[in-house]
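Written below as structure tokens is the structure these notes are about.
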Amino acid sequence: MTRVSEHLNQALHDLMESDPAVHLLGEDVSDPYGGAFKITKGLSDRFGSRVRSTPLSEGALAGVGAGLALAGDKAVVEIMFSDFVALAFDQIANFAAKSTAMYGRPVPVPLIVRCPTGGNRGYGPTHSQSLQKHFIGVPGLSLFEMTPFHDAGGLFARMFALGRPCLFFEDKVLYTRHMYRLDDLFRFELAGDVARVVLDGAAEPDCTLVTHGGLVHRTLDAMRTLLLEDELVCELLVPAQLYPVPRLPGLEDARHVCVIDDGGEGGSWSSEVARVLYPRLWGGLRRPITLVNSADAVIPAAPHLERGVLVQADRIRAAVLEAVS
Amino acid sequence: MIVTAASPQSLRPPPSDRDLRSLLLIRHFELALLRLFEQGAVSGTTHTCLGQEYIPVALAPLLLDDDFVFSNHRGHGHFLARHAEPYGLLAEIMGREGALCGGVGGSQHVYHRRFLSTGVQGESLPVATGVALKLAGSGALACAYVGDGTWGEGAVYEALNMAALWRLPLLVVVEHNGIAQSTPTPAQLAGTIGARAAAFGVRHHRVTSTDVEEIRSELAPLVAAVRSEPSPLVAEFVTHRIGPHSKGDDTRSPEEIDRARRSDWHTRYAAADPERFARLDREQQEFVDRLVAEIAARPPATPPAPSASAPAPEPATGRRP
């Protein structure tokens with residue numbers, strides 16, 4: 001059984017071994033430290049100057065990555081906590097993403113900005129956020145997120161192949177979880193980009209849930225309770241690509257759709273998913289798509305307060321119950 | 001900072017015809033742009049480099065084909081001194097057929113071969129640092145033009161720190177014209193640029209001459225060291241913008257503008273060799289007149305094809321209830 005952190009680390013080893021044009025830069029990424037979450041462990045020992053611990057300069061870090069990409073190489077940049085990607089917004093939104101199209105011809109910018117993200121670890125207001133929503137709708141920029149169902153090496157290859165900068169979110173609570181493992185109630189399959197988690201042998205679900213990688217386990221907990229205590233069958237769709245929102249399969253017959261997003265409510269990824277789904281599903285929807293988000297609030301450090309702000313399994317359960325009953 | 005123009009006799013050796021042509025092409029190109037704006041023939045904004053033309057012309061032979069040049073909002077001179085593509089540049093600025101970047105980039109966003117400009121202050125320096133990281137050891141360098149106002153941006157310091165730490169071939173050319181849009185440098189910059197470079201252990205050289213040959217002989221060994229060591233260099237030109245920041249927005253007093261004009265290379269060069277100067281000046285003016293007439297007569301630039309990676313719209317396939 002491989003933990004997500006080990007899986008990511010192995011994928012980076014494989015990526016750097018297979019492609020000598022790939023550089024990796026970030027704060028404290030070099031050995032023996034190997035990154036704040038150890039995702040880059042062993043890379044600098046193995047790949048020398050292609051792996052660089054940098055000064056505390058997120059903006060320049062993203063810019064240097066874009067420069068390497070512009071000069072014909074490829075770059076993976078690690079932002080230690082995704083909260084700090086705000087410091088790199090200009091480089092990402094105004095340079096790296098725009099450069100792909102603002103010079104009148106496609107300019108490839110193979111750049112992956114890795115963003116350890118999310119809360120439930122008691123790190124407090126500036127080390128716990130899910131900032132995906134702030135990067136939605138930037139022309140030339142794609143957003144991806146690690147999930148327990150998608151091979152990270154495949155995702156890295158896809159992101160580089162796009163030739164445009166990508167933010168890659170990795171929820172910190174996912175690092176200690178295992179890849180590809182589900183409890184015995186559920187099984188998953190990949191339908192294109194999207195992991196589809198279904199109840200083994202069940203008929204049509206009462207509700208189809210859509211969420212991103214970091215919320216998978218909390219959502220599965222809710223699905224288990226909904227089944228065992230409320231006798232409601234849910235299906236779950238987990239896209240690795242968050243933006244542009246990919247084709248979400250099998251929704252034409254959905255009785256109800258609920259999008260669950262750890263970002264704060266308002267201008268969120270969940271509302272972007274709903275925006276894409278409404279015109280497609282309008283004729284068949286029986287009620288509005290349910291959006292479940294973290295509260296529009298600062299994320300507190302104290303665990304009991306943090307729990308109340310971020311999306312938890314009981315809130316997902318309550319939202320589904322309220323919508324379908 | 002005002003440097004009084006030296007006497008005409010000091011232009012030794014005299015500029016080549018090639019340099020004079022380049023200087024005068026840029027001068028007439030920029031003057032034509034201001035006229036076109038007044039006539040409403042150009043939209044948006046533009047930033048001319050009147051008075052500063054000699055900087056990229058002096059640097060032109062010091063920069064090689066493999067070097068990557070990053071320019072800023074005031075970049076027409078940087079471009080024209082490096083690439084003989086005045087048609088493509090004017091078409092880009094006017095949004096006409098043959099535009100270098102399909103009319104998308106306009107005056108401030110040009111990417112041609114190894115020349116790239118961006119419109120956000122300080123943004124190019126980290127990118128240039130990344131390019132320099134790739135070029136280090138190859139003998140090529142990354143050159144980034146910035147102004148004195150750019151030193152207000154944190155990105156400059158992040159990039160300089162990295163370039164010094166990692167010993168990268170980064171040439172930072174500072175066009176210190178003493179005014180950031182409307183704000184005089186003493187009101188926006190504490191300390192000096194030289195002391196800033198020193199704080200990072202980065203070599204700094206201050207250029208006060210407007211004589212292209214003199215500037216080249218001063219800078220050639222320093223630029224060679226950028227390539228060979230490699231190491232970053234801040235080359236600070238004390239210069240004067242004799243035109244407005246963009247168009248018709250000069251808030252300086254007539255006396256101040258006069259002072260800036262007195263140090264214009266143009267006056268000195270004209271006085272040093274009046275007959276040759278007048279001939280080449282007429283030649284470049286006539287060339288730019290023809291250039292403007294030709295580009296203005298072209299049809300609008302056609303929009304570029306959408307990027308292959310752009311998302312396709314979702315088809316509506318919902319059932320009817």
### Unique match (being open to solvent by 20 Å² or more (accessible area, probe 1.4 Å), touching a strand residue (DSSP E or B) at 6+ places or on another chain (Cβ under 6 Å) and within 30 Å of B:Tyr111 (Cβ to Cβ)) among A:Ile136, A:Ile112
A:Ile136
### Message
I'd like the full set of residues that are part of a loop (DSSP other than H, G, I, E, B), in contact with a strand residue (DSSP E or B) (Cβ under 7 Å, 6 or more places away or on another chain) and more than 22 Å from B:Ile179 (Cβ to Cβ), limited to region B:216-249.
### Response
B:Ser231, B:Pro232
### Summary
Of the listed residues (A:Val4, A:Val51), the one being of a type in the set (Val, Ile, Thr) and more than 30 Å from A:Ala295 (Cβ to Cβ) is A:Val51
### Message
Looking at region B:191-211 only, could you name the residues that are farther than 17 Å from B:Leu171 by Cα and within 21 Å of the chain's Cα centre (by Cα)?
### Response
B:Thr208, B:Ser209, B:Thr210, B:Asp211
### Task
Give region B:57-82 a look and list any residue that's open to solvent by 40 Å² or more (accessible area, probe 1.4 Å) and without any contact (Cβ under 8 Å) to a residue 60 or more places away in the chain, or say none.
B:Asp65, B:Arg82
### Query
Regarding B:Thr129, is this residue of a type outside the set (D, E, K, R) and more than 10 Å from every other protein chain (Cβ to nearest Cβ)?
no
### Message
Can you pull out every residue in region A:144-172 that is more than 14 Å from every other protein chain (Cβ to nearest Cβ) and open to solvent by 40 Å² or more (accessible area, probe 1.4 Å)?
### Response
A:Asp151, A:Ala157
### Query
Going by the structure shown, is A:Ala11 in contact (Cβ under 8 Å) with a residue 40 or more places away in the chain and open to solvent by 20 Å² or more (accessible area, probe 1.4 Å)?
no
### Query
Being out of contact with any Leu (no Cβ under 7 Å at 6 or more places or on another chain) and open to solvent by 20 Å² or more (accessible area, probe 1.4 Å), is that true of even one residue in region A:56-65?
yes
### Query
Does region A:223-240 hold any residues that are out of contact with any helix residue (DSSP H, G or I) (no Cβ under 7 Å at 6 or more places or on another chain) and open to solvent by less than 30 Å² (accessible area, probe 1.4 Å), and which are they?
A:Met223, A:Glu235, A:Leu237, A:Pro239
### Task
Just need a number here: residues in region B:104-126 that are touching a residue at least 60 places away in the same chain (Cβ under 8 Å) and at the interface with chain A (Cβ under 7 Å from one of its Cβ atoms).
1
### 3 or more residues facing chain B (nearest Cβ under 8 Å): qualifying helices (runs of 4 or more DSSP H) within region A:1-116
A:58-70
### Task
Among the residues of region B:261-301, write down those that are open to solvent by less than 50 Å² (accessible area, probe 1.4 Å), within 24 Å of the chain's Cα centre (by Cα) and free of Cβ contacts under 8 Å to residues at least 12 places away in the same chain.
B:Ala270
### Query
Only one residue in A:Phe169, A:Phe84, A:Phe95, A:Phe156 is modelled with pLDDT of 95 or more and under 12 Å from the mean Cα position of the chain (by Cα). Which one?
A:Phe169
### Query
Which residue, of A:Gly122, A:Gly118, is open to solvent by less than 20 Å² (accessible area, probe 1.4 Å) and of a type in the set (Gly, Ala, Ser)?
A:Gly118
### Query
Of everything in region A:125-143 that's within 12 Å of the chain's Cα centre (by Cα) and either in a loop (DSSP other than H, G, I, E, B) or at pLDDT below 95 (or both), which residue is nearest to the other protein chains (Cβ to nearest Cβ)?
A:Leu131
### Task
Quickly run through region A:289-308 and pick out the residues that are touching a Leu at 6+ places or on another chain (Cβ under 9 Å) and open to solvent by 70 Å² or more (accessible area, probe 1.4 Å).
none
### Message
Whether any residue in region A:194-208 is at pLDDT 95 or above, among the aliphatic types (A, V, I, L, M) and open to solvent by 40 Å² or more (accessible area, probe 1.4 Å) is what I want to check.
### Response
no
## Note on the structure
Among (1) touching an Asp or Glu at 6+ places or on another chain (Cβ under 9 Å); (2) touching a residue at least 12 places away in the same chain (Cβ under 8 Å), A:Asn94 falls short only on (2)
### Message
Take the conditions away from chain B (no Cβ under 14 Å), modelled with pLDDT under 95 and surrounded by fewer than 21 Cβ atoms within 10 Å (Cβ to Cβ) and apply them to A:Ser325. Does it pass?
### Response
yes
## Note on the structure
Counting only strands (runs of 3 or more DSSP E) entirely within region A:207-284, those with at least 3 residues that are within 14 Å of another protein chain (Cβ to nearest Cβ) are A:241-243
### Message
Checking A:Val311 against (1) more than 14 Å from chain B (Cβ to nearest Cβ); (2) farther than 16 Å from A:Val233 by Cα; (3) of a type outside the set (D, E, K, R); (4) open to solvent by 30 Å² or more (accessible area, probe 1.4 Å): exactly one of these is not met. Which one?
### Response
(4)
### Task
Give the residues of region A:184-206 that are assigned to a loop (DSSP other than H, G, I, E, B) and within 22 Å of A:Ser325 (Cα to Cα), sorted by residue number.
A:Ala202, A:Ala203, A:Glu204, A:Pro205, A:Asp206
### Query
Are any residues in region B:188-215 outside any loop (DSSP other than H, G, I, E, B) and open to solvent by 30 Å² or more (accessible area, probe 1.4 Å), and if so, which ones?
B:Ala195, B:Arg196, B:Ala198, B:Ala199, B:Arg203, B:His204, B:His205, B:Arg206, B:Glu213, B:Glu214
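The values are calculated or read from the model by the stated rules, or taken from the named source; none is laboratory data. None of these values were measured; they are calculated from a predicted model. A quick note on method: Cβ atoms are made from the backbone with ideal geometry, for glycine too, and the neighbour counts reach across all protein chains shown. Please note that ligands, DNA and RNA were not included when accessible areas were found on the heavy atoms of the full protein model with its side chains. Shrake-Rupley method; radii C 1.70, N 1.55, O 1.52, S 1.80 Å.
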